[in-house]
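Colleague: Got a structure for you, questions after.
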Amino acid sequence: MCCSAMHQLTGLLATNFGSPSGVTTQDHYTRELWRLSGYFSVPIGLIVLGLITFAIVRYRHRPGEDRKPAQFQYHIPIEATYTIIPLVIVAVIFGFMYNAENHVDKVSAKPAVAITVDGFQWGWRFVYPNGHVQIGTADYNNINNNNDLPVLVLPSNETVQLHVVSLDVVHTFYVKEFLFNRDLIPGINNTFDINVTKPGLYPGQCNNICGEYHAYMRFLVDVMTPTQYAAWYANQPACSITTAGVPGIQKGSCAAINAGADFTGYTQAPKG
Amino acid sequence: MTILEERPQFAFEAHEASLMEIVPGPRPHGIVKFVTSTDHKQIGLNYLFTGLAGFLVAGLMALVMRTQLIVPNNHFVTENVYNEMFTIHGTLMLFVFAGPFAFAGFGNYLVPLMIGAPDMAFPRFNNLSYWLYLGGFSLLLAGFLTNNGAAQFGWFGYAPLTEAIHSPGPGADLWIVGIGLTGFSGIFTAVNIITTVFTLRAPGMVMFRMPIFVWNILVTMFLILLAFPVLTAAMALLWIDRHLGGNFYNANKGGQPILWQNLFWFFGHPEVYIIALPYFGVATEILATMSRKPVFGYKGMIAATLSIGALAMGVWAHHMYTTGAVLLPFFAAMSLLIAVPTGIKFFNWIGTMWRGTIVLNTAMLFCLGFLAMFLFGGITGVILAQPVLDFQLHNTYFVVAHFHYVLIGAVMAGFGGLYYWLPKMTGRKLSEKWGKLGFALLFIGFNLTFFPQHDLGLRGMPRRIETYNAGMGWNFLNELSSIGAYITAIGVLVNAWNIFTSWRHGEIAGDNPWDGQTLEWACSSPPPDHNFEALPPIRSERPVWDANHPDMLTKVGH
């Protein structure tokens with residue numbers, strides 16, 4: 001407990017102002033922007049708090065004191081100053097933000113890998129170009145059980161394009177380490193690129209209320225080196241299904257799986 | 001300047017309510033008065049205390065949520081109950097408490113008094129507004145009595161989760177109708193108050209002599225007229241989808257679920273300012289009175305309120321950055337710009353305190369609590385206004401922490417308003433001792449609850465999850481947050497006890513306990529029917545101060 005608190009304190013004092021590190025190339029822009037916001041907002045916050053504190057200490061009414069309050073109302077130069085300076089700050093932040101946004105939101109015409117991410121109540125389905133499908137099941141009685149989660153396998157250091165599709169209600173694809181959210185909305189096609197620089201296993205989760213078992217709509221991202229990924233991908237037969245890392249039996253035709261038409265075996269009934 | 005100096009001194013004292021003599025016979029009281037009264041003061045009190053009841057109920061739901069989240073993998077309540085809790089918590093807090101408490105509660109009670117009017121322009125219409133509002137509140141609660149339970153899709157109820165196939169049962173319908181009724185109530189109140197402000201001002205009360213509170217309520221009312229009908233329309237379309245075979249939000253039949261988000265947030269963001277602006281007004285009045293000074297930059301303050309109102313209509317899609325379906329730079333620029341008039345207000349508040357003689361009583365402490373918490377909520381707002389950072393933090397606990405700081409900041413000002421104006425409404429002051437204890441508990445409790453949630457969001461905890469995995473690094477912060485919620489609950493009880501006991505046994509307030517500046521302090525406490533028999537001359541925005549302190553008139557120029 002104490003160490004957790006200490007860790008937070010040192011985290012807050014570091015230049016990242018408490019923001020975690022991401023593992024993608026876009027992370028750089030997000031954190032630059034976060035830092036910039038910190039450079040402006042921390043001093044502004046301290047100045048305003050300082051002025052308020054000074055005013056209530058210096059000008060508080062003391063018992064027995066016979067000081068008359070000043071009765072001024074306007075001071076145009078000061079008022080103009082605290083209108084113009086914030087306008088300039090906001091313009092600067094907007095400029096940096098605009099630049100960062102163009103990098104983060106850039107969608108490549110030729111991604112190395114393109115994967116379709118289907119979200120449904122309450123699970124995920126990751127469909128690879130050859131029709132291979134990764135699915136999983138959630139343990140609705142024990143959220144500490146990570147064994148049967150669907151796994152999104154990605155190569156590192158490559159531009160991966162994710163096409164996110166909702167099969168029922170609004171969901172959100174969210175991986176904390178990617179510092180990124182994108183909604184899955186019926187009727188809207190959303191595509192975004194990520195380039196993960198650090199191989200590893202990252203937890204992901206639906207980030208938009210989607211019904212009863214929203215909290216259990218989790219998945220794992222397994223980022224492999226490009227060589228490992230190529231070997232893994234070569235081992236996945238077209239239109240095969242892997243449930244929580246365990247190869248399963250193909251159900252329905254390849255086309256039906258890709259169209260999301262054959263749902264047998266995908267929807268997840270609560271265990272137990 | 002010369003006019004101010006040469007005007008005849010107004011000798012004013014408390015007047016007895018001789019208007020009572022015009023209408024002879026017994027006056028209604030108790031439940032009959034509550035049901036039938038068209039008096040703006042009675043209706044204002046009805047709103048204030050119904051709003052507080054909503055706050056207590058919604059607060060209990062928050063305690064259920066925090067108890068569920070205190071440890072990982074908890075099974076204190078089921079998923080569906082948890083989903084009901086956050087949905088109705090949010091809905092009650094926004095549609096029953098935070099908004100109406102200020103714009104209809106304080107608004108009804110104070111606007112006619114502050115502009116020297118005998119009542120609202122349409123008193124019976126006013127009564128109807130209250131009953132629609134109470135009806136809405138009841139229907140929102142009635143959801144819990146239905147077989148499928150209350151609505152379970154969050155207070156902004158994104159389609160298509162709200163469609164009949166995903167959310168069957170009458171709970172969702174009661175939610176739709178309940179919000180619809182509070183919406184109509186708000187629209188009617190807006191029509192009423194706008195008419196009152198434009199037509200019933202006392203002689204001398206020109207627009208630029210109205211208290212800032214009245215200005216803020218006026219701008220709020222225009223926002224209501226622009227925003228609430230859109231919400232009502234969105235709800236009507238949802239009803240048609242659910243019951244009459246419509247497909248407005250059904251993508252499978254050519255509808256657009258994103259339409260709901262646009263319509264809802266076109267209401268939803270102005271709603272934030274519909275909630276906040278009246279509290280800004282409350283805080284401004286308290287700060288000026290307790291500093292014994294005029295509002296610094298009065299006209300700049302009004303300009304800031306107007307620009308917040310205008311910008312508020314053009315920022316709705318900053319709730320939708322991650323949909324991939326909105327023009328990011330436009331909404332980012334508009335959202336960032338709101339920081340400028342909000343900043344002006346902060347510096348005006350500081351200017352109002354500057355070189356005053358500040359009385360640090362409970363009302364003022366709550367006001368300072370508002371300044372501190374709202375400042376922090378404003379800063380995190382600037383962070384979230386940037387789409388790239390919102391991509392990271394969208395729908396995480398960082399957002400939950402952000403808007404609770406904003407809203408609780410506002411509500412802090414509201415509690416300050418209770419300590420400030422209840423003496424006018426009841427004739428008795430609240431206990432300062434209990435008040436300061438209540439403030440300390442609330443301030444510590446709120447911060448302990450919501451400050452750790454910023455870090456929870458940065459650590460990736462999504463909002464509205466019923467439970468969480470023990471290995472995510474969220475356990476300690478959730479524990480802290482839940483302990484904060486329990487402290488907050490004790491603080492609420494202390495304040496409720498203070499209001500309850502002071503109502504009958506509090507120190508007699510007198511007409512003008514705080515050396516107030518605006519017209520409500522010119523009549524007795526509580527004010528008689530139809531408010532005023534005589535008014536002090538209105539030659540500035542603080543006529544009562546001018547009459548009481550002819551030696552301390554506002555200094556012109558600088």
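The values are calculated or read from the model by the stated rules, or taken from the named source; none is laboratory data. Keep in mind that what you see is a predicted model, and the values were worked out from it rather than measured. Counting neighbours? That spans all protein chains shown, and the Cβs are built from the backbone with ideal geometry, glycine included.
Colleague: As an exercise: evaluate B:Ala325 against (1) within 21 Å of B:Ala410 (Cβ to Cβ); (2) within 8 Å of another protein chain (Cβ to nearest Cβ); (3) surrounded by fewer than 24 Cβ atoms within 10 Å (Cβ to Cβ) and give the number of the one condition it does not meet.
Modeller: Evaluating B:Ala325 over (1) within 21 Å of B:Ala410 (Cβ to Cβ); (2) within 8 Å of another protein chain (Cβ to nearest Cβ); (3) surrounded by fewer than 24 Cβ atoms within 10 Å (Cβ to Cβ) leaves (1) as the failure.
Colleague: When both residues are 6+ apart or on different chains and their Cβ atoms are under 6 Å apart, which pairs have a first residue that lies in the range A:77-93 and is facing chain B (nearest Cβ under 9 Å) and more than 11 Å from B:Gly343 (Cα to Cα), and a second that is of a type in the set (Phe, Trp, Tyr) and assigned to a helix (DSSP H, G or I)?
Modeller: Note: pairs meeting the criteria are A:Ile89/A:Phe40.
Colleague: Scan the range B:466-484 for residues that are of a type outside the set (A, V, I, L, M) and either in contact with a Gly (Cβ under 9 Å, 6 or more places away or on another chain) or assigned to a helix (DSSP H, G or I) (or both) and jot them down.
Modeller: B:Gly471, B:Gly473, B:Trp474, B:Asn475, B:Phe476, B:Asn478, B:Glu479, B:Ser481, B:Ser482, B:Gly484
Colleague: Residues of the range A:36-48 being within 7 Å of another protein chain (Cβ to nearest Cβ) and either over 31 Å from the mean Cα position of the chain (by Cα) or assigned to a loop (DSSP other than H, G, I, E, B) (or both), which ones?
Modeller: A:Val48
Colleague: Among the listed residues B:Leu311, B:Leu244, which satisfies the condition of being out of contact with any helix residue (DSSP H, G or I) (no Cβ under 7 Å at 6 or more places or on another chain) and without any contact (Cβ under 8 Å) to a residue 60 or more places away in the chain?
Modeller: Every option except B:Leu244 fails the conditions.
Colleague: So for the range B:300-310 (the condition being closer than 29 Å to B:Phe366 by Cα, among the hydroxyl-bearing types (Ser, Thr, Tyr) and within 13 Å of chain A (Cβ to nearest Cβ)), does at least one residue qualify?
Modeller: yes
Colleague: When the residues of the range A:168-192 are filtered to those that are of a type in the set (S, T, N, Q) and in a strand (DSSP E or B), which remaining residue is surrounded by the fewest Cβ atoms within 10 Å (Cβ to Cβ)?
Modeller: A:Thr191
Colleague: Within the range B:351-367, work out how many residues are touching a Ser or Thr at 6+ places or on another chain (Cβ under 9 Å), facing chain A (nearest Cβ under 7 Å) and either closer than 23 Å to B:Ser431 by Cα or among the aromatic types (Phe, Trp, Tyr) (or both).
Modeller: So the answer is 4.
Colleague: OK, next. When you check A:Lys251 against the structure, is it under 28 Å from A:Asn207 (Cα atoms), basic (Lys, Arg), in a loop (DSSP other than H, G, I, E, B) and modelled with pLDDT under 90, yes or no?
Modeller: no
Colleague: Out of (1) facing chain A (nearest Cβ under 10 Å); (2) farther than 30 Å from B:His319 by Cβ; (3) acidic (Asp, Glu), the odd one out for B:Asp390 is which?
Modeller: (2)
Colleague: Filter the range A:58-110 down to residues that are charged (D, E, K, R) and surrounded by 14 or more Cβ atoms within 10 Å (Cβ to Cβ), then give me how many there are.
Modeller: Adding up the residues that qualify gives 4.
Colleague: Related question: Is it true that A:Asn142 is free of Cβ contacts under 8 Å to residues at least 24 places away in the same chain and within 14 Å of chain B (Cβ to nearest Cβ)?
Modeller: yes
Colleague: So which of B:Ser481, B:Ser540 ends up being within 14 Å of chain A (Cβ to nearest Cβ), surrounded by fewer than 21 Cβ atoms within 10 Å (Cβ to Cβ) and among the polar types (S, T, N, Q)?
Modeller: After ruling out the rest, the residue left standing is B:Ser540.
Colleague: While we're here: Looking at the range A:30-48, which of its residues are farther than 22 Å from B:Gln392 by Cα and among the β-branched types (Val, Ile, Thr)?
Modeller: Residues satisfying the conditions are A:Ile44, A:Ile47, A:Val48.
Colleague: Residues of the range A:97-117 being facing another protein chain (nearest Cβ under 9 Å) and either over 20 Å from the mean Cα position of the chain (by Cα) or within 21 Å of B:Thr342 (Cα to Cα) (or both), which ones?
Modeller: Of everything in the range A:97-117, just one residue is facing another protein chain (nearest Cβ under 9 Å) and either over 20 Å from the mean Cα position of the chain (by Cα) or within 21 Å of B:Thr342 (Cα to Cα) (or both), namely A:Met97.
Colleague: Based on what the data block shows, is B:Gly143 within 14 Å of another protein chain (Cβ to nearest Cβ), closer than 25 Å to A:Asn208 by Cβ and either under 21 Å from the mean Cα position of the chain (by Cα) or touching a residue at least 40 places away in the same chain (Cβ under 8 Å) (or both)?
Modeller: Considered against the rule, which asks whether it is within 14 Å of another protein chain (Cβ to nearest Cβ), closer than 25 Å to A:Asn208 by Cβ and either under 21 Å from the mean Cα position of the chain (by Cα) or touching a residue at least 40 places away in the same chain (Cβ under 8 Å) (or both), B:Gly143 comes out as no.
Colleague: Which of the residues belonging to the range A:193-222 are among the hydrophobic types (A, V, I, L, M, F, W, C), more than 7 Å from chain B (Cβ to nearest Cβ) and part of a loop (DSSP other than H, G, I, E, B)?
Modeller: Result: A:Met217, single match.
Colleague: Could you name every one of the helices (runs of 4 or more DSSP H) located completely within the range B:25-107 that has at least 2 residues being at pLDDT 95 or above?
Modeller: Of the helices (runs of 4 or more DSSP H) lying wholly inside the range B:25-107, those with at least 2 residues that are at pLDDT 95 or above span B:40-69, B:79-91.
Colleague: Of all residues in the range B:485-509, which are assigned to a loop (DSSP other than H, G, I, E, B) and crowded, with 16+ Cβ neighbours inside 10 Å?
Modeller: Selection gives B:Gly506, B:Ala509.
Colleague: Tell me, please, whether a residue that is assigned to a loop (DSSP other than H, G, I, E, B), more than 14 Å from chain B (Cβ to nearest Cβ) and within 23 Å of B:Met461 (Cα to Cα) can be found in the range A:150-161.
Modeller: Yes: one or more hits.
Colleague: Just to be sure before I move on: is B:Ala339 among the aliphatic types (A, V, I, L, M) and touching a Gly at 6+ places or on another chain (Cβ under 9 Å) in the structure I sent?
Modeller: In short, yes.
Colleague: Hey, another quick one. Within the range B:76-90, is even one residue within 27 Å of B:Thr284 (Cβ to Cβ) and over 14 Å from the mean Cα position of the chain (by Cα)?
Modeller: Checking the range B:76-90: not a single residue is within 27 Å of B:Thr284 (Cβ to Cβ) and over 14 Å from the mean Cα position of the chain (by Cα).
Colleague: What do you reckon, is B:Glu541 more than 15 Å from B:Pro423 (Cα to Cα), within 25 Å of the chain's Cα centre (by Cα) and at pLDDT 90 or above?
Modeller: Yes; evaluated as a whole, the condition is true for this residue.
Colleague: Then there's this: So, in the range B:110-140, exactly how many residues are in a helix (DSSP H, G or I) and either under 24 Å from B:Met93 (Cα atoms) or charged (D, E, K, R) (or both)?
Modeller: Total meeting the criteria: 18.
Colleague: Within the range B:372-387, count every residue that is outside any helix (DSSP H, G or I) and either within 24 Å of B:Phe443 (Cβ to Cβ) or more than 7 Å from chain A (Cβ to nearest Cβ) (or both).
Modeller: 1
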